[in-house]
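The values are calculated or read from the model by the stated rules, or taken from the named source; none is laboratory data. These figures come from a predicted structure and were not determined experimentally. In this analysis, Cβ positions are derived from the backbone assuming ideal geometry, glycine residues included, and neighbour counts consider all displayed protein chains.
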Ligand SMILES: Cc1cc2nc3c(=O)[nH]c(=O)nc-3n(C[C@H](O)[C@H](O)[C@H](O)COP(=O)(O)OP(=O)(O)OC[C@H]3O[C@@H](n4cnc5c(N)ncnc54)[C@H](O)[C@@H]3O)c2cc1C
């Protein structure tokens, strides 16, 4: 019987989202052999996003120790062709319709274009990306003391493995099943639609019964087009999310062009981001901001940090645990604040009347802004 061959690579990245693409580019630029395995046929499709993409100013305003990081600053200098609409302002609407607004430094784009652009850059730097290649199983070979990555397109082994597979953290799941140490928690179901109609200029967020323990959003993508969505804590909304989204769009007189959905891990960073030679990045490490669902910037930053730790491990023997230390030093505080805000929201914002009352108190003293910007919640200062 023929023995099936195993392809060995220095680094294998599972997933070609922003985290995987940034990691692959950073490594390839330093001459490391990188293979990205992506299960989708077209990178970035379907979008699974509100498509609000932060600018560098927003990133360094939220996370620490990044001001002097030239590589990341350059990486966040996205070309104009990706920028559909400037998002300078966010308005947060209470159940009554009263709103509070504050500044934002972001833009809206098409994730299909955005992810494709990031992947192209990784390939240009020397990384290889194979689409249509889902990781299906991980088999431990005791005799050779190695893991085999089993995909639909062959078997692989590697010196370093990056789990950039998104919110469901496929590598962690295949290795450790339900172990909460490596599985992003509080997976919030979300649904969104690309819509046509009279859309606002601003990133609008709606709180209250429209999206219990979550929020609804309208993110303009240009004249007459927007991304509209709902993210709601699992089990909090009766009926299907799709019906609620359709009703929300109907109430706003917006025509739905297409619908998609996905999961956002809102439980904060996983307890263990480094597992032997495997580093979890982006959503797979639970790095989404729980109070607003944003995860693109953390995906890129963590992808870059993981690559730098692998380079330090190769060149200087620095332990891979340095990756987790860097992530926590840069993002730990903001993500902790954001998690606290979300948990306070879960605990107290029950029903429109109470939600309105709480937000009327918090709004004028900056509490809503602080929650959205991952600062320490105002009520526990
Ligand atoms: C509805 C919704 C709205 C959102 N809105 C925003 C927003 O407006 N702004 C923002 O900043 N963030 C937003 N987020 C979060 C943001 O999309 C994520 O944080 C970001 O995409 C994380 O990047 P990533 O590279 O870690 O994972 P992903 O972008 O999820 O990429 C993971 C990749 O891995 C691939 N993959 C998965 N399993 C396998 C496998 N077994 N084998 C091979 N490949 C695999 C997937 O196909 C995918 O390409 C939103 C999320 C959702 C669901």
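Residue by residue, here is whether (1) surrounded by 19 or more Cβ atoms within 10 Å (Cβ to Cβ); (2) outside any loop (DSSP other than H, G, I, E, B) holds:
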{"position": "61", "(1), (2)": "no, yes"}
{"position": "114", "(1), (2)": "yes, yes"}
{"position": "122", "(1), (2)": "yes, yes"}
{"position": "136", "(1), (2)": "no, yes"}
{"position": "143", "(1), (2)": "no, no"}
{"position": "149", "(1), (2)": "yes, yes"}
Q.
When you scan region 343-354, do you find a residue that is within 16 Å of the ligand (Cβ to nearest atom) and over 18 Å from the mean Cα position of the chain (by Cα), even just one?
A. no
**Q.** Residues satisfying the stated conditions in region 53-77, i.e. in contact with a helix residue (DSSP H, G or I) (Cβ under 7 Å, 6 or more places away or on another chain) and under 20 Å from residue 325 (Cβ atoms)
**A.** 59, 62, 63, 64, 65, 66, 67, 71, 72
Q. Which ones in region 342-357 are in a loop (DSSP other than H, G, I, E, B) and surrounded by 13 or more Cβ atoms within 10 Å (Cβ to Cβ)?
A. 349, 350
Q. In region 290-303, how many residues are over 8 Å from the mean Cα position of the chain (by Cα) and within 12 Å of the ligand (Cβ to nearest atom)?
A. 6
Q: Please find, among 241, 287, the residue that is surrounded by 24 or more Cβ atoms within 10 Å (Cβ to Cβ) and within 15 Å of the ligand (Cβ to nearest atom).
A: 287
Q) Within the group 375, 308, which residue is closer than 30 Å to residue 158 by Cβ, touching a residue at least 12 places away in the same chain (Cβ under 8 Å), surrounded by fewer than 24 Cβ atoms within 10 Å (Cβ to Cβ) and out of contact with any strand residue (DSSP E or B) (no Cβ under 9 Å at 6 or more places or on another chain)? A) 308
Q.
Quick test of your reading of the structure: residue 183 fulfils all but one of (1) within 14 Å of the ligand (Cβ to nearest atom); (2) modelled with pLDDT under 95; (3) outside any loop (DSSP other than H, G, I, E, B). Name the failing condition by number.
A. (3)
Q: Please identify the pairs in which a residue from region 135-146 that is more than 16 Å from the ligand (Cβ to nearest atom) has its Cβ atom under 8 Å from the Cβ atom of a residue that is assigned to a loop (DSSP other than H, G, I, E, B) and modelled with pLDDT of 90 or more, counting only partners at least 6 apart or on another chain.
A: none
Q: Could you check how many residues of region 232-282 are part of a loop (DSSP other than H, G, I, E, B), closer than 30 Å to residue 312 by Cβ and in contact (Cβ under 8 Å) with a residue 60 or more places away in the chain?
A: 8
Q. With (1) touching a strand residue (DSSP E or B) at 6+ places or on another chain (Cβ under 7 Å); (2) at pLDDT 95 or above; (3) farther than 29 Å from residue 348 by Cα as the list, and residue 249 as the residue in question, which single condition is left unmet?
A. (3)
Q) residue 322 passes all but one of (1) within 26 Å of residue 125 (Cα to Cα); (2) within 16 Å of the ligand (Cβ to nearest atom); which number fails? A) (2)
Q: Sort out which residues of region 326-353 are touching a helix residue (DSSP H, G or I) at 6+ places or on another chain (Cβ under 9 Å) and at pLDDT below 90, and write them in order of number.
A: 344, 345, 348, 349
(Q) Any residue at all in region 68-78 that's more than 12 Å from the ligand (Cβ to nearest atom), assigned to a helix (DSSP H, G or I) and without any contact (Cβ under 8 Å) to a residue 12 or more places away in the chain? (A) yes
Q: Give region 36-50 a look and list any residue that's closer than 13 Å to residue 16 by Cβ and within 6 Å of the ligand (Cβ to nearest atom), or say none.
A: 37, 38, 39, 40
**Q.** Search result, residues across region 10-35 that are within 14 Å of the ligand (Cβ to nearest atom) and either surrounded by fewer than 24 Cβ atoms within 10 Å (Cβ to Cβ) or in a strand (DSSP E or B) (or both)
**A.** 12, 13, 14, 35
Q) Residues of region 311-341 being surrounded by 19 or more Cβ atoms within 10 Å (Cβ to Cβ) and not in a helix (DSSP H, G or I), which ones? A) 320
